[in-house]
1. Subtracting the Cα-Cα distance from 0.36 nm times the residue separation, let me have the gained length for Glu112 to Asp69 in nm, one decimal.
2. Taking the chain as the reference, fit the longest principal axis to its C-alpha atoms, fit the long axis of helix 264-280 to the helix C-alpha atoms, and give the angle between the two in degrees, 0 to 90, nearest 10.
3. Which of the peptides 49-57, 164-172, 14-22, 212-220 is most tightly packed, and how do the rest follow, judged by the mean count of other Cβ atoms within 10 Å per residue?
4. If a/c stays under 1.5 just call it rounded; otherwise compare a/b with b/c (prolate if a/b is bigger, oblate if not). Do that for the range 1-57, with a ≥ b ≥ c from the square roots of the Cα gyration tensor eigenvalues.
5. Report Rg (one decimal) and Dmax (nearest whole number) for the chain, counting Cα atoms only, units Å.
6. Hey, any idea what % of the chain's accessible area is carbon plus sulfur with a 1.4 Å probe?
7. To the nearest 20 debye, what charge dipole does the range 120-262 have about its Cα centre, counting +1 at the Cβ of each Lys and Arg and -1 at the Cβ of each Asp and Glu?
8. Is the C-alpha gyration tensor of the range 60-103 telling us rounded, prolate or oblate? Criteria: a/c under 1.5 is rounded; beyond that, a/b larger than b/c is prolate, otherwise oblate.
Amino acid sequence: MRILITGANGQLGCDLQRTLASHELILMDIPTFDLTKSSCEEQVASAQSDLVIHAAAYTDVDGAEHQPDLAMAVNAQGTEWVARGAARAKARLIYISTDYVFDGLKKTPYLEFDMANPLNQYGKSKLEGERRALDLCPNSLVVRTSWLYGTHGKNFVNTMMRLAVEQPELRVVADQRGCPTNAADLAQALAQMLRVNMRGIVHATGTGDCTWYELASAIVSVMGRQNPIHPITTAEAGRRAARPGYSVLANRVLKQSGITLPHWRDSLVQFVKSAAASAAE
Ligand SMILES: NC(=O)c1ccc[n+]([C@@H]2O[C@H](COP(=O)([O-])OP(=O)(O)OC[C@H]3O[C@@H](n4cnc5c(N)ncnc54)[C@H](OP(=O)(O)O)[C@@H]3O)[C@@H](O)[C@H]2O)c1
């Protein structure tokens with residue numbers, strides 16, 4: 001299959017490249033492929049791929065509060081151009097989206113058809129991207145994931161591994177609950193999804209859920225360190241963007257197709273151990 005990946009150098013893009021290496025891959029990313037420029041539609045259309053995995057995005061959640069227009073330009077207008085290009089090429093489109101489309105007021109895992117109501121600019125721009133992907137490319141699938149981490153890029157797990165070495169004590173938010181998702185696991189699940197003709201919206205996260213505090217505790221424990229970790233509230237963390245207190249996604253549609261991602265704790269143990277081994281080399 002001929003697969004175009006946008007955001008190919010991002011966190012998920014790097015794992016997609018590895019997982020889908022047996023396919024013919026067309027890799028696109030900024031600066032030669034820029035979602036703020038209408039030319040990206042032609043780039044996608046002329047690539048004549050069978051599938052477009054649109055993983056490129058403006059992903060700075062707090063930054064989007066300062067730059068809502070840029071977040072909307074990249075995540076909504078940019079996605080519109082990608083969707084139009086994919087439709088012209090008669091390609092399937094997979095748009096990667098986020099748990100931050102939800103407001104977190106629900107107390108049980110979010111289903112694919114639950115009402116979205118984003119609390120922050122990033123979530124609003126990603127939700128608008130979902131709508132344009134679904135409206136403009138007849139053969140599109142929205143895959144919502146959450147709390148993504150991988151070897152490449154800035155993410156909570158990499159940050160905590162660094163801080164555990166640099167700082168004697170840590171303070172971590174304990175009143176937000178979600179599903180940590182290893183980017184390599186998501187890439188594997190996406191590869192499985194290609195074999196099933198799915199459309200609409202699918203939730204795809206690591207199995208199980210936890211708070212950021214519980215995730216940090218697990219990271220420090222796997223590292224074999226003793227840093228005391230102090231639970232703090234979202235208000236005490238003082239981040240610019242509001243975040244949902246509960247954004248656990250139920251992977252109901254995925255499970256119905258027989259696809260599951262590993263439990264977050266199992267993936268985390270492997271990830272942290274392998275990062276420690278690489279650092280020791
Ligand atoms: N990270 C998470 O926790 C998380 C959670 C839920 C959903 N998601 C979604 O999952 C997808 C992949 O996330 P990720 O963590 O892999 O993100 P990432 O590492 O930030 O990668 C995104 C890629 O998009 C590129 N990009 C940014 N602005 C662009 C533009 N104007 N034109 C073209 N490319 C541009 C980035 O380039 P630069 O690095 O040069 O900016 C980067 O290569 C995104 O759609 C994101 O919204 C992420």
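The values are calculated or read from the model by the stated rules, or taken from the named source; none is laboratory data. Since we're looking at a predicted model, the values are computed, not measured. FYI the Cβ positions are ideal-geometry reconstructions off the backbone, even for glycines, and counts take in every protein chain you see. All accessible areas refer to the heavy atoms of the entire protein, side chains included, with ligands and DNA or RNA removed. Shrake-Rupley method; radii C 1.70, N 1.55, O 1.52, S 1.80 Å.
1. Extra length available between Glu112 and Asp69 comes to 12.8 nm.
2. Compared with the principal axis, the helix lies near 80 degrees.
3. On the way: 49-57: 24.8, 164-172: 13.4, 14-22: 17.1, 212-220: 22.0.
Put in order of decreasing packing, that is 49-57, 212-220, 14-22, 164-172.
4. On the way: a/c = 2.57, a/b = 1.27, b/c = 2.02.
Cα axes put the range 1-57 in the oblate bin.
5. Spelled out, the Cα radius of gyration and Dmax of the chain are 18.3, 56 Å.
6. Ligands and nucleic acids excluded, carbon and sulfur give 50 percent.
7. That gives the range 120-262 a dipole magnitude of about 400 debye.
8. Judged from the Cα gyration tensor, the range 60-103 comes out oblate (a/c at least 1.5, b/c at or above a/b).
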